[in-house]
1. Given a 1.4 angstrom probe, what's the average accessible area per residue across the stretch A:1-54, in square angstrom?
2. With charges set only on the Cβ (+1 for Lys and Arg, -1 for Asp and Glu), what does the dipole of the stretch B:25-114 come to about its Cα centre, in debye to the nearest 20?
3. Take A:Thr5, project a point 7 Å from its Cα along the Cβ direction, then tell me which residues of the stretch A:79-113 have their backbone nitrogen under 18 Å from it.
4. Report the percentage of all Cα-Cα pairs in chain A whose separation exceeds 22 Å, rounded to a whole percent.
5. How many percent of Cα pairs in the stretch B:30-105 exceed 20 Å?
6. Roughly what would the spin-label model give for B:Val70 and A:Arg22, points 7 Å off Cα along C-beta, in nm?
7. Apply the Karplus curve 6.51 cos²θ - 1.76 cosθ + 1.60, θ = phi - 60°, to the phi angles in the stretch A:100-111 and return the couplings in whole Hz, x for Gly and Pro.
8. Nearest 20 debye, what's the magnitude of the dipole of the stretch B:33-77 about its Cα centre given +1 on Lys and Arg Cβ and -1 on Asp and Glu Cβ?
Amino acid sequence: DSGVTQTPKHLITATGQRVTLRCSPRSGDLSVYWYQQSLDQGLQFLIQYYNGEERAKGNILERFSAQQFPDLHSELNLSSLELGDSALYFCASSMTGLPYEQYFGPGTRLTVT
Amino acid sequence: GESVGLHLPTLSVQEGDNSIINCAYSNSASDYFIWYKQESGKGPQFIIDIRSNMDKRQGQRVTVLLNKTVKHLSLQIAATQPGDSAVYFCAETSQPHTGNQFYFGTGTSLTVIP
């Protein structure tokens, strides 16, 4: 158990819909990262937050957005969903000063039908 | 954009043998290289990292080697055990302390034969 929690574990929704994925980092970790893992794209970095502020942005679509709240939990919002958005979405967290040592949650499996 | 690629998508080894997983990277500016292990149905798990100013780093049963001349990274697992069966990813980043992207390779699936 990494200490990072993600909800929900599974999510099935239709094209055009909007969903919110939630992540709680390990106690004390200020950094949260979001990744998308699909069969054809591998593990893709989406975005990083540090103590409530966006720190780095990767291959995140404009239809996707994220935020980190004062209690440090984070949410990833996916809108206007397409079939190609079906993937595993992982959240990870890291300690300040150790951004390369990330601890991943169990992931949310999103299926868009 | 940057790319991180793995030489072999699958690797099978006998229990007790040593395993070597290779990774090629393309961004000369990368500062840190990280290895992750992902077991079926789970999120990636941090194994070990190495900074660009080092060429070797050892952990518990694992050694990472970095050859910046040919942009090559390898993970050596000593006395491979069935529990080591997983997909292994290498990742690279530059200046992670100031915020930067992390690029992951496509992964190598390691199967340990009892």
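1. 53 Å²
2. Using only the charged Cβ atoms, the result is roughly 120 debye.
3. So the set is A:90-94, A:103-109.
4. So the portion of pairs separated by more than 22 Å is 25 percent.
5. I get 31 percent for the Cα pairs in the stretch B:30-105 exceeding 20 Å.
6. Here the modelled spin labels are 5.0 nm apart.
7. For the stretch A:100-111, the Karplus curve yields 8, 9, 9, 10, 8, x, x, x, 10, 8, 9, 10 Hz.
8. I would put it at about 80 debye.
The values are calculated or read from the model by the stated rules, or taken from the named source; none is laboratory data. Not measured: the values here are computed from a predicted model. When we count neighbours, we look across all protein chains shown, and the Cβ atoms used for this are built from the backbone with ideal geometry, even at glycine. Ligands, DNA and RNA are excluded from the accessible area calculation, which covers all protein heavy atoms including side chains. Shrake-Rupley method; radii C 1.70, N 1.55, O 1.52, S 1.80 Å.
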